[in-house]
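In what follows, a single structure is set out as structure tokens and then discussed.
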Number of protein chains: 2
Amino acid sequence: MITVLCGGVGAARFLRALRHATHGGVPVDPETVVGVVNTGDDTVLHGLSISPDLDTITYTLAGAIDPVRGWGLVDETWVAMGALERYAAVRPPGSTAAPTWFNLGDRDLATHFYRTARLAEGATLTEVTAEIGRAWQLPERLIPMSDDRVSTLVELDDGRTVSFQEYFVQLRHGVPVRSVTFDGAASARLQPSAADAITRAEVVVVAPSNPLVSIGPLRALDGFDDLLAARRDSVVAVSPIVGGVALKGPADRMLVELGHEPTVVGVARLYRDLAGTLVIDPADAHLADEVAATGMRCVVQPSVMSDPVVAGALATTVLAAG
Amino acid sequence: MITVLCGGVGAARFLRALRHATHGGVPVDPETVVGVVNTGDDTVLHGLSISPDLDTITYTLAGAIDPVRGWGLVDETWVAMGALERYAAVRPPGSTAAPTWFNLGDRDLATHFYRTARLAEGATLTEVTAEIGRAWQLPERLIPMSDDRVSTLVELDDGRTVSFQEYFVQLRHGVPVRSVTFDGAASARLQPSAADAITRAEVVVVAPSNPLVSIGPLRALDGFDDLLAARRDSVVAVSPIVGGVALKGPADRMLVELGHEPTVVGVARLYRDLAGTLVIDPADAHLADEVAATGMRCVVQPSVMSDPVVAGALATTVLAAG
């Protein structure tokens, strides 16, 4: 079993890369791959339960992700969103109904409809996620980090506290951040099957996701860090920072704003207690010694998953390092 | 003020007809028209609050109803519904998630999104309905019969009890009915502004809607019948039965199944305590004396609202009768 700790886009691409990887000289069987996925970004809009990271991974692995946007479905239409403008124009002051800043495509809506209806029937998010995986015929197993609600909250420099989606989508992650907290994490339980997958995997991979807001929510769950620390030698992290910048999203700026170094060294300092190895891109090879000085083994390997060959080689290297 | 007691399609067409009517020789000002609308058909699907009769009336008055189907929006697309099939195929036994029997068009979804979000914010259905009316620039005022949940339940001859929408849409009202009940009606309150509109109107019209499942839920509310009885002389009902058949829906069969005569006489017997006048179509002129024998004044007027001239003349006659 190979277990991958996941945020959204970077994790989705890494999971896909595992389909082109070998482990011990043998092609990886995707049925042995488990993704434990961040749900701190989850939100409710229009009464619908939305799990952005789970959906990004599902759609990516199904080959249905829009390759240009990197989120949502390919060949998507936006009729419902367009029709919402009429209502946004009449909502009273103080209301946030008819939000038009969070785009939900018409095909994508079906996923939220199903999730919402199943949760209302009493199914757990873990159960619904497995069903959605079957609907898309995914061989990999995706597990939400928790069946309990954890909400990533972002405190902005102007003093406002907003949900992750408001920060990330509505404000286009263009405003300085003062702190990040995970509401509900103190009482939320790491999904037992996720805990099991972390414990039992041959290799655990920390995907190239934002360490603070994608992997951060998992780490906020009681016992999570301890599970990794207990098997640190076979935990491999892939740096989401290449050449001092985030491949996707605001990880680089956010690292600075929250007092970390926006480099692979900063990433190493965040992960050194949990992971024995950090994989960095050749662009950062000059920092390999500094990474090693944090106590992590440092492996240099092209990590920009621009094509299946590079991605597969990265995944193969990661598994070998574990 | 003219107050119309409303189900769905028949009521929508009558309200529209009032725009082409005169009262006391003066064109009716649609801003003086109030529709009190059945919400017994309301349902929750995919977590969304759906009010079919309110929406049918809104879309009809907005000129946006699909003229062929008679429900939903014109130029509608069905992408979300199509995408739902994938999930219907994986839902576990016992689950009713991803229902594909109730069609929700993509544009139409925006209405349910807005209603659901506003109700979640604590707005009343009355408030949301007014906002939706503004969004469509309706001069008429629509009021749900109650802000409390009332659910029309249909007991079938085979012993099953289903929601109105399951009976009407999923089973295509093709199965015999044993009884109809209105769950929640005993504790639901007639919307005060609706009660006021019934009391203060110059004329109250019972629209040509199903007497049992469209007007029935209003009548199940405490005090509703009394309000009408107190002003019976200026209450005018329009028969939804013409020549022994319902213009739309299962009213004719349902009347028989529930022990009523499927004629204008049967309608008169249901309404005689509430309304002073019944308007019937010339097709039923031979039953005018039988209607009169129930104690109602009987007015014969073409009532199939096939074009604006006929519809306007009907509405003018109805108002004159009140």
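The values are calculated or read from the model by the stated rules, or taken from the named source; none is laboratory data. Everything numeric here is computed off the predicted structure, so don't read it as measured data. When we count neighbours, we look across all protein chains shown, and the Cβ atoms used for this are built from the backbone with ideal geometry, even at glycine. Please note that ligands, DNA and RNA were not included when accessible areas were found on the heavy atoms of the full protein model with its side chains. Shrake-Rupley method; radii C 1.70, N 1.55, O 1.52, S 1.80 Å.
Does B:Gly82 qualify as being within 14 Å of chain A (Cβ to nearest Cβ), out of contact with any Leu (no Cβ under 8 Å at 6 or more places or on another chain) and assigned to a helix (DSSP H, G or I)?
Numbers: within 14 Å of chain A (Cβ to nearest Cβ): yes; out of contact with any Leu (no Cβ under 8 Å at 6 or more places or on another chain): yes; assigned to a helix (DSSP H, G or I): yes.
It is true that B:Gly82 is within 14 Å of chain A (Cβ to nearest Cβ), out of contact with any Leu (no Cβ under 8 Å at 6 or more places or on another chain) and assigned to a helix (DSSP H, G or I).
Evaluation of A:Val44 against the conditions (1) open to solvent by 70 Å² or more (accessible area, probe 1.4 Å); (2) in a strand (DSSP E or B); (3) away from chain B (no Cβ under 14 Å) shows that the sole unmet condition is (3).
Tell me, which strands (runs of 3 or more DSSP E) wholly within region A:124-173 include 2 or more residues that are over 20 Å from A:Tyr114 (Cβ atoms)?
Details: elements: A:141-144, A:151-156, A:161-163.
Result: A:151-156, A:161-163.
For region A:155-169, filtered to residues that are open to solvent by 60 Å² or more (accessible area, probe 1.4 Å) and touching a strand residue (DSSP E or B) at 6+ places or on another chain (Cβ under 6 Å), the residue that is nearest to A:Thr39 (Cα to Cα) is A:Thr161.
Scan region A:114-127 residue by residue and report those that are touching a residue at least 12 places away in the same chain (Cβ under 8 Å) and out of contact with any Pro (no Cβ under 9 Å at 6 or more places or on another chain).
Within region A:114-127, the first condition is being touching a residue at least 12 places away in the same chain (Cβ under 8 Å), and the residues that meet it are A:114-116, A:118-119, A:124-126.
Residues satisfying the conditions are A:Tyr114, A:Arg115, A:Thr116, A:Leu119.
Could you look through region B:1-37, keep only residues that are in contact with a helix residue (DSSP H, G or I) (Cβ under 7 Å, 6 or more places away or on another chain) and small (Gly, Ala, Ser), and pick out the one that is modelled with the lowest pLDDT? The extreme case among them is B:Gly8. For region B:273-293, filtering for residues that are closer than 21 Å to B:Val203 by Cα and in contact (Cβ under 8 Å) with a residue 12 or more places away in the chain leaves 10. Just so you know, in region B:85-97 the residues that are closer than 25 Å to B:Val162 by Cα and in a helix (DSSP H, G or I) include one that is most open to solvent (accessible area, probe 1.4 Å), and it is B:Glu85.
With B:Gly40, B:Gly63 as the choices, which residue is of a type in the set (Gly, Ala, Ser), closer than 17 Å to B:Arg134 by Cα, at pLDDT 95 or above and out of contact with any Leu (no Cβ under 7 Å at 6 or more places or on another chain)? Quick ask: steps written out before the conclusion?
On the way: B:Gly40 fails: closer than 17 Å to B:Arg134 by Cα.
Unique residue meeting the criteria: B:Gly63.
When region B:282-315 is filtered for residues that are part of a loop (DSSP other than H, G, I, E, B), open to solvent by 40 Å² or more (accessible area, probe 1.4 Å) and in contact with a Pro (Cβ under 8 Å, 6 or more places away or on another chain), only B:Pro302 remains. Going through region A:49-71 one residue at a time, which ones are away from chain B (no Cβ under 12 Å), part of a loop (DSSP other than H, G, I, E, B) and not basic (Lys, Arg)? Hits for region A:49-71 are A:Ser51, A:Gly63, A:Asp66, A:Pro67, A:Val68, A:Gly70, A:Trp71.
Note on region A:228-241: residues that are open to solvent by less than 50 Å² (accessible area, probe 1.4 Å) and either in contact with a strand residue (DSSP E or B) (Cβ under 8 Å, 6 or more places away or on another chain) or in a loop (DSSP other than H, G, I, E, B) (or both) total 9. For region B:174-192, the set of residues classified as on the phi < 0 side of the Ramachandran plot and part of a loop (DSSP other than H, G, I, E, B) consists of B:Gly174, B:Val175, B:Pro176, B:Ala185, B:Ala186, B:Ser187, B:Ala188, B:Arg189, B:Gln191, listed by residue number. Restricting B:Arg107, B:Arg118, B:Arg91, B:Arg86 to residues that are basic (Lys, Arg) and under 20 Å from A:Gly94 (Cβ atoms) narrows the list to B:Arg118.
Residues in region A:247-259 include at least one that is in a loop (DSSP other than H, G, I, E, B), open to solvent by less than 20 Å² (accessible area, probe 1.4 Å) and either of a type in the set (Ser, Thr, Tyr) or modelled with pLDDT under 95 (or both). For the residues B:Thr277, B:Thr263, the requirement of being open to solvent by less than 40 Å² (accessible area, probe 1.4 Å), touching a Lys or Arg at 6+ places or on another chain (Cβ under 8 Å) and closer than 15 Å to B:Pro240 by Cα singles out B:Thr277. No other residue among B:Asp273, B:Asp225 is assigned to a helix (DSSP H, G or I) and either at pLDDT below 95 or not basic (Lys, Arg) (or both) apart from B:Asp225.
The single condition from (1) open to solvent by less than 20 Å² (accessible area, probe 1.4 Å); (2) modelled with pLDDT of 95 or more; (3) away from chain B (no Cβ under 14 Å) that A:Val128 fails is (3).
Does A:Thr263 count as of a type in the set (Ser, Thr, Tyr), in contact (Cβ under 8 Å) with a residue 12 or more places away in the chain and farther than 25 Å from A:Val177 by Cβ? Judged against the criteria, A:Thr263 is not a match. Total residues in region B:101-123 satisfying the condition of being more than 7 Å from every other protein chain (Cβ to nearest Cβ) and open to solvent by less than 50 Å² (accessible area, probe 1.4 Å): the figure is 8.
Looking at region B:144-151, can you tell me whether even one residue there is touching a Leu at 6+ places or on another chain (Cβ under 7 Å) and either among the aromatic types (Phe, Trp, Tyr) or over 28 Å from B:Gly133 (Cβ atoms) (or both)?
Filtering region B:144-151 down to residues touching a Leu at 6+ places or on another chain (Cβ under 7 Å) leaves B:144-147.
Checking the rest, the ones that are also either among the aromatic types (Phe, Trp, Tyr) or over 28 Å from B:Gly133 (Cβ atoms) (or both) come to none.
Within region B:144-151, not a single residue is touching a Leu at 6+ places or on another chain (Cβ under 7 Å) and either among the aromatic types (Phe, Trp, Tyr) or over 28 Å from B:Gly133 (Cβ atoms) (or both).
Considering region B:8-37 alone, what residues qualify as being open to solvent by 10 Å² or more (accessible area, probe 1.4 Å) and assigned to a helix (DSSP H, G or I)? Within region B:8-37, B:Val9, B:Gly10, B:Arg13, B:Arg16, B:Pro30, B:Glu31, B:Thr32 qualify.
Which one of A:Arg172, A:Arg178, A:Arg134 is open to solvent by 50 Å² or more (accessible area, probe 1.4 Å), closer than 17 Å to A:Val37 by Cα and not small (Gly, Ala, Ser)?
A:Arg134
Set side by side, the residues A:Gly82, A:Gly70 differ, and just one is open to solvent by 20 Å² or more (accessible area, probe 1.4 Å) and either within 18 Å of the chain's Cα centre (by Cα) or at pLDDT 95 or above (or both), which is A:Gly82.
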